[in-house]
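> Here it is, the structure in full.
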Amino acid sequence: MRPIVEEEGEPPHGAPWAVVLLIGLLLAVHLYVAALSEKDAEATTQALAFIPLRYHSGGESLPGGALARILSPATYMLVHADWSHLAINAVWLLIFGTMVARRTGPARFLVMTAATGLAGIALFWALHASDDSSVVGISGAVSGLMAGGIRLLHA
């Protein structure tokens, strides 16, 4: 697939809308959590985080309950530990997400982002199945986008 260009012979300018939208979503979630009281912010973060112990007996008693068992393999990507964690992930998402989105288009970019984030958490779960640690951040998906971006450099 050829890269998308604005005019013949001119490289595209700016990040694709899907990348900007995703970074905006991450920022909005972080701003929302930051605006909560410390207790509510912790409860919300834990409800969205992936916690391997959720999938053991009694896991539904963790924040987020039974719904988090279903959703946390995706929602963990939306919440970050602090501003620096969010900033680092956003910068790498901007760089490698832009590379991938320009070559694949917005729908495939979003599918790849979700798929690599899910694959990353599946690997973490396989290696830490009985862990009680909380996993947050879009780092797994960003790693997948890095791999995709590097692969595209050699295509």
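> Right, residue 49: of a type outside the set (D, E, K, R), closer than 14 Å to residue 140 by Cβ and in contact with a Pro (Cβ under 9 Å, 6 or more places away or on another chain) or not?
Answer is yes for this residue.
> Separate question: For residue 153, which of the numbered conditions (1) aliphatic (A, V, I, L, M); (2) surrounded by fewer than 17 Cβ atoms within 10 Å (Cβ to Cβ); (3) touching a Phe, Trp or Tyr at 6+ places or on another chain (Cβ under 6 Å) fails to hold?
Result: residue 153 fails condition (3) only.
> Could you go through region 52-59 and let me know if any residue there is touching a residue at least 60 places away in the same chain (Cβ under 8 Å), charged (D, E, K, R), more than 17 Å from residue 15 (Cα to Cα) and touching a helix residue (DSSP H, G or I) at 6+ places or on another chain (Cβ under 6 Å).
no
> Scanning for something closer than 14 Å to residue 136 by Cβ and without any contact (Cβ under 8 Å) to a residue 40 or more places away in the chain, does region 73-81 turn up at least one residue?
Yes; the residues of region 73-81 include at least one that is closer than 14 Å to residue 136 by Cβ and without any contact (Cβ under 8 Å) to a residue 40 or more places away in the chain.
> With the structure loaded, tell me whether residue 98 is among the β-branched types (Val, Ile, Thr) and open to solvent by less than 30 Å² (accessible area, probe 1.4 Å) or whether it fails that test.
For residue 98, the condition - among the β-branched types (Val, Ile, Thr) and open to solvent by less than 30 Å² (accessible area, probe 1.4 Å) - is met.
> Still on this model: Just the residues that are open to solvent by less than 40 Å² (accessible area, probe 1.4 Å) and assigned to a loop (DSSP other than H, G, I, E, B), please, taken from region 75-92.
Scanning region 75-92 gives 76, 77, 79, 80.
> Considering (1) within 13 Å of residue 73 (Cα to Cα); (2) free of Cβ contacts under 8 Å to residues at least 40 places away in the same chain, say which one residue 150 fails and leave the rest.
Every listed condition holds for residue 150 apart from (1).
> Can you find a residue in region 135-148 that is part of a helix (DSSP H, G or I), surrounded by 17 or more Cβ atoms within 10 Å (Cβ to Cβ), in contact with a Ser or Thr (Cβ under 6 Å, 6 or more places away or on another chain) and not acidic (Asp, Glu)?
Yes, some residue in region 135-148 is part of a helix (DSSP H, G or I), surrounded by 17 or more Cβ atoms within 10 Å (Cβ to Cβ), in contact with a Ser or Thr (Cβ under 6 Å, 6 or more places away or on another chain) and not acidic (Asp, Glu).
> While we're looking at this one, here's another question. So, of the residues in region 21-63 that are part of a helix (DSSP H, G or I) and of a type in the set (Phe, Trp, Tyr), which turns out to be farthest from residue 127 (Cα to Cα)?
Looking at the filtered set, the residue picked out is 32.
> Tell me, please, whether a residue that is in contact with a helix residue (DSSP H, G or I) (Cβ under 9 Å, 6 or more places away or on another chain), in a helix (DSSP H, G or I), of a type in the set (S, T, N, Q) and over 20 Å from residue 29 (Cβ atoms) can be found in region 101-119.
yes
> A further question follows. Among the residues of region 63-71, are any closer than 18 Å to residue 133 by Cα, at pLDDT below 95, of a type outside the set (Gly, Ala, Ser) and surrounded by 14 or more Cβ atoms within 10 Å (Cβ to Cβ)?
Within region 63-71, one or more residues are closer than 18 Å to residue 133 by Cα, at pLDDT below 95, of a type outside the set (Gly, Ala, Ser) and surrounded by 14 or more Cβ atoms within 10 Å (Cβ to Cβ).
> I'd like the full set of residues that are open to solvent by 50 Å² or more (accessible area, probe 1.4 Å) and at pLDDT below 95, limited to region 103-122.
The answer is 103, and nothing else.
The values are calculated or read from the model by the stated rules, or taken from the named source; none is laboratory data. What you are looking at is a predicted structure, and each value in this text was computed from that prediction instead of being measured. Neighbour counts run over all protein chains shown; Cβ positions are idealised from the backbone, glycine included. The accessibility values were calculated without ligands, DNA or RNA, using every heavy atom of the protein model including side chains. Shrake-Rupley method; radii C 1.70, N 1.55, O 1.52, S 1.80 Å.
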